[in-house]
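A short write-up of the structure that comes next.
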Amino acid sequence: MNIKDDYILSKINDGYLVGGAVRDFLLGKTVNDRDIAIRGAEKFAKELEKQFDAVFVTLDSENKIYRLVLKNSKDYIDVSEIRAETIEEDLKMRDFTINTIAYDLKNSRFIDVTGGIDDIKNKILRTPREENFTDDPLRVLRAFRFMAATGFEPSEELNVQLKKYYPLIEKPAKERIHDEIMKLFGGKWASNTLLKMDEIGILELIFPCVKDFKKVPKNSHHHLDLFNHSVETVKQLEILYENLSNDAKSIIDTISFGEYPRINNLKIAAFLHDIGKFSTWTIDKDGRHRFIKHDNVGAKMVVPLLKNLKFSNKQIEYISFMIQKHIYPSSVISAPNLDNKILMRFIRKMDKYSVDNILIAKADRLSARGEEITDSVIKENLKGLDMLMEFYLENNEKLTPLPKLLDGNEIMQIKNISQSPLLGKIIQDLHEAQINGNICSKEEAVEFVKNY
């Protein structure tokens, strides 16, 4: 697409389109975030504010960076002051050559001082200057984020630089690292990038649990060791995501926790779904590897790891829940007398995360092909999980919320207790009994609490 064919940019006749917007236009991607560098940024931004009837926001007054949010709330324009003597010098200060291309909106021409256009054509990631990594060590992680987003290969020179500077990743604020992790896992090539990160050494700095993953070997159920199984699970999830129906994809693309789609968080859960295996690992006398309750143990273990990386409470709750329940869909479809009541119980229990839960179960199944797992076992499992997905998509909109039969105050009065962990446990178990269909009325709920 020609940049000047863009509806918004066709109305702007000054300044330079820079950074990711130029890169994404050249890659044929949809662009909603347009960055413009210009002299007199504030004045120019206020002119655009009137022209587009946009909302003006000052992002950084010191560095003169302003944002214009357009009426549709989807498109926006960032306007910033040129940071050097010339636009060419400004471009050379940027992180990677694919981001150092500018488009002169006044004269309708590209400005490429570092060979960025050729690097995009050749799918190569390079940095224009080595000092970029000491100026801002976060760029080490950002390099992998761009590999995940584009599928580009690092140049030989960049590989050497990443091996040299990756220990610096411990310097940036954890909040900034968190954002790069989220963008990385949102990339189409995240699984392949995790392997590259491991080769460099940076993966264990960010996820120390990887060291323990590597200690668990392949076994009769897994053709890969735990580390490679974890990465393969992410890869299979990426493949499943690409082939999802529109209905399922719209659910998994929901932005639920902050600014990132749920699929990004689910891919992190997929990578960490077996985090509890090393600490629960035993080998029977017959040589069989067992990981009893690794799902429950892993759900707890992941919490401090994610807290350290500044994940929000809602993100942590979701990822922990997915880890705890990653075996659940397969156990549901293995029920000896599978019927609609059992399927409905699954939907009630997993609720809005049903699609997520089925996807992680499918990815896990596809990533474990040990000698005891025959093709027929995999085929039957996937057939059952597909049926469960279809059942959810057909019935989820018909479900009405379960009625709240008793509130916390009523339960405290019935049991003569105060606010306590016991109260929370009673509420949780009462809800579970409702889901299972064992309690349907307030009278039954009262009896349940009395006899708890």
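No lab work stands behind these numbers, since they all come straight from the coordinates. Note that the structure is predicted; figures quoted are calculated from it, not measured. Ideal geometry is used to build each Cβ from the backbone, glycine not excepted, and the neighbour counts take in all protein chains shown.
In terms of Cα to Cα distance under 14 Å, which aspartates and glutamates are near enough to LYS442, apart from those fewer than 8 places away along the same chain?
Partners found: ASP407, GLU410.
For the stretch 366-381, in order, what is each residue's ³J(HN,Hα) by Karplus, 6.51 cos²θ - 1.76 cosθ + 1.60 with θ = phi - 60°, in whole Hz (x at glycine and Pro)?
Residue by residue, the stretch 366-381 yields 5, 9, 10, 10, x, 4, 7, 9, 7, 4, 5, 4, 5, 4, 5, 5 Hz.
Using R₀ = 22 Å, calculate the FRET efficiency as 1/(1 + (r/R₀)^6) where r is the Cβ-Cβ separation of GLU204 and GLU259; round to 0.05.
Once rounded, the FRET efficiency stands at 0.20.
Please give me the summed charge of the neighbours of ASP104: other residues whose Cβ is under 12 Å from its Cβ, Lys and Arg +1, Asp and Glu -1.
0
Counting only DSSP beta bridges with both residues in the chain, tell me the antiparallel percent, nearest 5.
So the antiparallel bridges in the chain amount to around 75 percent.
Kindly state, to the nearest 0.05, the FRET efficiency for SER61 paired with LYS164, given R0 = 35 Å and r defined as their beta-carbon distance.
Computed FRET efficiency for SER61 and LYS164 comes out at 0.45.
Relative contact order for the stretch 207-398: what is it in percent, counting Cα pairs under 8 Å that are at least 6 residues apart?
27
Which residues does the label zone of MET344 cover in the stretch 412-445, counting backbone N under 18 Å from a point 7 Å along Cα→Cβ?
The answer is 431-442, whose backbone nitrogens lie closer than 18 Å to the label point.
Using 29 Å as the Cα-Cα cut-off, could you pick out the over-long pairs in LYS325/LYS404; LYS11/LYS314; LYS341/LYS450; LYS43/LYS121; LYS277/LYS404?
Long pairs (Cα-Cα over 29 Å): LYS11/LYS314; LYS43/LYS121; LYS277/LYS404.
Between THR374 and ASP104, how high is the FRET efficiency from 1/(1 + (r/R0)^6) when r is the Cβ-Cβ distance and R₀ = 56 Å? Nearest 0.05.
The value I calculate is 0.35.
Provide the gained length on full extension for the span LEU195 to ASN2, in nm with one decimal, where the gain is 0.36 nm per separating residue minus the Cα-Cα distance.
65.9 nm
Could you state the number of Å between the C-alpha centres of the stretch 253-277 and the stretch 75-122?
33
Using θ = phi - 60° and the Karplus form 6.51 cos²θ - 1.76 cosθ + 1.60, what ³J(HN,Hα) does each residue of the stretch 81-95 get, whole Hz, x for Gly and Pro?
After applying 6.51 cos²θ - 1.76 cosθ + 1.60, I find 6, 4, 8, 9, 4, 9, 5, 4, 5, 4, 5, 5, 7, 7, 5 Hz.
Using helices alone, what [θ] at 222 nm do you get for the chain, with -39,500 (n - 2.57) per DSSP H run of 4 or more residues, divided over all residues and rounded to the nearest 500?
Result for the chain, helices only: -15500 deg cm²/dmol.
How do 294-304, 160-170 rank on mean C-beta neighbours within 10 Å, highest first?
294-304, 160-170
Quickly rank 72-83, 246-257 as a protection proxy: mean count of other C-beta atoms within 10 Å, highest first.
Packing order, densest peptide first, comes out as 72-83, 246-257.
Name all residues of the stretch 325-343 having a backbone nitrogen under 19 Å from the label point set 7 Å from the Cα of LYS352 along its Cα→Cβ direction, giving them as ranges.
325
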